[in-house]
Amino acid sequence: MFRSVIPRNTAALLILAASMASVHADQGGTALAVVMTNDPQANQIKVYDTRTQALLQTLSTQGKGGVGGNARGVKQLNGELVAVVNYGSNSVALFKRHADRLSFDRIVTTTSAPVSIDFGNDHMYVAGSTTIDSFEVQNDNVVWRDGSATLELVGGATPPIGSTAQVGVLDKQSLLVTLKTDPLPGTVDIVPLRNGAVTGAAPTAVSAPAGTLTPFGFSVYPDGTAVITLAHSNQNGLFRDGAFTAVAAAGQSAPCWTTRVGKYVFSVNAASKTISRLIGTGSNVFADTPVAAQIPGGGPTDIDADKGVLGVIDHGAGQSHLSLLTYNAFGELTLSGAAINLGVPNANGVAILAPSDRDDD
């Protein structure tokens, strides 16, 4: 009798485990890639399964696109909330995740045409063409705007339209915003925060190093250093304690967009159509591997990575593509299948959402 109990219990446990695995899959077991079509009249997002490359959804952002020359026009939080810039409508569209689908949540308005988004300090930050806004976030819900400030170039001038590149959280006290002003070197604004909100005080405007051009995309390390691309002089810089402390040749043409995975920063090089693997040490920045991968499509326009999946958007010759890659603990990249034709000419912005571990409400 005793021997017959063991197989029955084992079978029951196996059935329970299979049931739990099935439930977990139903609750969001897929890594998603969200891209923005950037249509100037009827902006949309497209949601892809990163394993099968299948298109799961196409959703309206309830606004107009049209942004260019930027990074992070699409940004995700905790795999549950997605924010998308409606450049032509002075708004940000918010989407909530339910299992492996997204649903439109709401629109929030911005004080200037939105360009770039980041999350941190229980806030969403939106850099616009001339301003920076903060929105309080509670339990992955954006609730209201609680601060704004005007961006400035070195010397105090208001940035011209088209100069804003990216916003990123530096620490609990400050944000960084990169501003492109060729033929001048460019500016990095340090925006002060109080309890996570933009205070309204004028930012500290820091010039890019002499002999460089165009601070563009950047990634921040937990120690408060940032690797910032200097796109039009083919260089990368290390930013620390309110100043550039090191500059190094990129070894590729037009480094623009970045994403960080642990100690590695992946930089997409627009003219070379390559991805470089960079390392910032706190005192120096160098290209660990100048060509970690080739981009099979046109000129890249954004990059994001999470939980072993990296996505790159490109466009050219009237077509846009999403390339998906995998990476390992050593930062080695492998292409996953062919580039996906997005069916639109000027897609801009990508966010990778890791498989959800939250119960679907």
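The residue that is nearest to GLY297 (Cα to Cα), counting only those in region 309-319 that are touching a Leu at 6+ places or on another chain (Cβ under 9 Å) and without any contact (Cβ under 8 Å) to a residue 40 or more places away in the chain, is HIS315. Against the test of being open to solvent by 10 Å² or more (accessible area, probe 1.4 Å) and in contact with a Pro (Cβ under 7 Å, 6 or more places away or on another chain), the options THR150, THR199, THR131 yield a single qualifying residue, THR199. No other residue among GLY217, GLY224, GLY155 is among the small types (Gly, Ala, Ser) and part of a strand (DSSP E or B) apart from GLY217. Within region 92-119, the set of residues being part of a strand (DSSP E or B) and open to solvent by 20 Å² or more (accessible area, probe 1.4 Å) comprises LYS96, HIS98, ARG101, SER103, PHE104, ASP105, ARG106, ILE107, THR109, PHE119.
A quick yes/no check of all residues on (1) touching a helix residue (DSSP H, G or I) at 6+ places or on another chain (Cβ under 7 Å); (2) without any contact (Cβ under 8 Å) to a residue 60 or more places away in the chain:
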{"residue": "SER60", "(1), (2)": "no, yes"}
{"residue": "GLY65", "(1), (2)": "yes, no"}
{"residue": "GLY69", "(1), (2)": "no, no"}
{"residue": "GLY73", "(1), (2)": "no, no"}
{"residue": "GLY88", "(1), (2)": "no, yes"}
{"residue": "SER91", "(1), (2)": "no, yes"}
{"residue": "ARG101", "(1), (2)": "no, yes"}
{"residue": "PRO114", "(1), (2)": "yes, yes"}
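Scanning region 226-258 for residues that are over 13 Å from PRO185 (Cβ atoms), β-branched (Val, Ile, Thr) and open to solvent by 10 Å² or more (accessible area, probe 1.4 Å) yields a single hit, THR245.
Pairs meeting the criteria (first residue in region 27-42 and within 16 Å of ASN346 (Cβ to Cβ) and at pLDDT 95 or above, second residue outside any loop (DSSP other than H, G, I, E, B) and of a type in the set (S, T, N, Q), beta carbons under 6 Å, at least 6 apart or on different chains) are THR37/GLN44. The combined condition, being under 22 Å from SER116 (Cβ atoms) and open to solvent by 30 Å² or more (accessible area, probe 1.4 Å), is fulfilled by ASP306. Assessment of region 159-169 against the conditions (assigned to a strand (DSSP E or B) and surrounded by fewer than 20 Cβ atoms within 10 Å (Cβ to Cβ)) yields at least one matching residue.
Residues in region 176-188 that are within 23 Å of the chain's Cα centre (by Cα) and not in a strand (DSSP E or B): LYS180, THR181, GLY186.
Yes/no matrix, rows are residues, columns are (1) in a loop (DSSP other than H, G, I, E, B); (2) within 23 Å of the chain's Cα centre (by Cα); (3) at pLDDT 95 or above; (4) under 27 Å from VAL291 (Cβ atoms):
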| site | (1), (2), (3), (4) |
| --- | --- |
| ILE190 | no, yes, yes, no |
| GLY200 | yes, no, yes, no |
| LEU238 | no, yes, yes, yes |
| ALA246 | no, no, yes, yes |
| CYS256 | no, yes, yes, yes |
| THR259 | no, yes, yes, yes |
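Check whether at least one residue in region 321-338 is open to solvent by 10 Å² or more (accessible area, probe 1.4 Å), of a type outside the set (A, V, I, L, M, F, W, C), under 30 Å from PRO40 (Cα atoms) and assigned to a strand (DSSP E or B), and report yes or no. Yes, region 321-338 contains at least one residue that is open to solvent by 10 Å² or more (accessible area, probe 1.4 Å), of a type outside the set (A, V, I, L, M, F, W, C), under 30 Å from PRO40 (Cα atoms) and assigned to a strand (DSSP E or B).
Checked against (1) out of contact with any strand residue (DSSP E or B) (no Cβ under 6 Å at 6 or more places or on another chain); (2) surrounded by 19 or more Cβ atoms within 10 Å (Cβ to Cβ), ASP223 passes all but a single condition, namely (2).
Rundown of residues vs (1) crowded, with 18+ Cβ neighbours inside 10 Å; (2) in contact with a His (Cβ under 9 Å, 6 or more places away or on another chain); (3) of a type outside the set (Gly, Ala, Ser); (4) under 14 Å from GLN235 (Cα atoms), yes/no style:
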residue	(1), (2), (3), (4)
ALA270	yes, no, no, yes
LYS273	yes, no, yes, no
LEU278	yes, no, yes, yes
SER283	no, no, no, no
ALA287	yes, no, no, yes
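Selection of region 55-80 for residues being surrounded by 23 or more Cβ atoms within 10 Å (Cβ to Cβ) and of a type in the set (Ser, Thr, Tyr) yields only THR61. Can you confirm whether region 121-128 contains a residue that is open to solvent by 10 Å² or more (accessible area, probe 1.4 Å) and small (Gly, Ala, Ser)? Checked against the condition, which is being open to solvent by 10 Å² or more (accessible area, probe 1.4 Å) and small (Gly, Ala, Ser), region 121-128 yields no hits at all.
Among residues of region 185-196 that are closer than 21 Å to ASP122 by Cα, those with a Cβ under 7 angstrom from a residue that is hydrophobic (A, V, I, L, M, F, W, C) and surrounded by fewer than 17 Cβ atoms within 10 Å (Cβ to Cβ), sequence gap 6+ or separate chain, pair up as PRO192/ALA201.
The values are calculated or read from the model by the stated rules, or taken from the named source; none is laboratory data. Everything numeric here is computed off the predicted structure, so don't read it as measured data. Positions of Cβ are generated from backbone atoms using ideal geometry, with glycine treated the same way; all protein chains shown enter the neighbour counts. Only protein heavy atoms, including side chains, enter the accessible area calculation; ligands, DNA and RNA are left aside. Shrake-Rupley method; radii C 1.70, N 1.55, O 1.52, S 1.80 Å.
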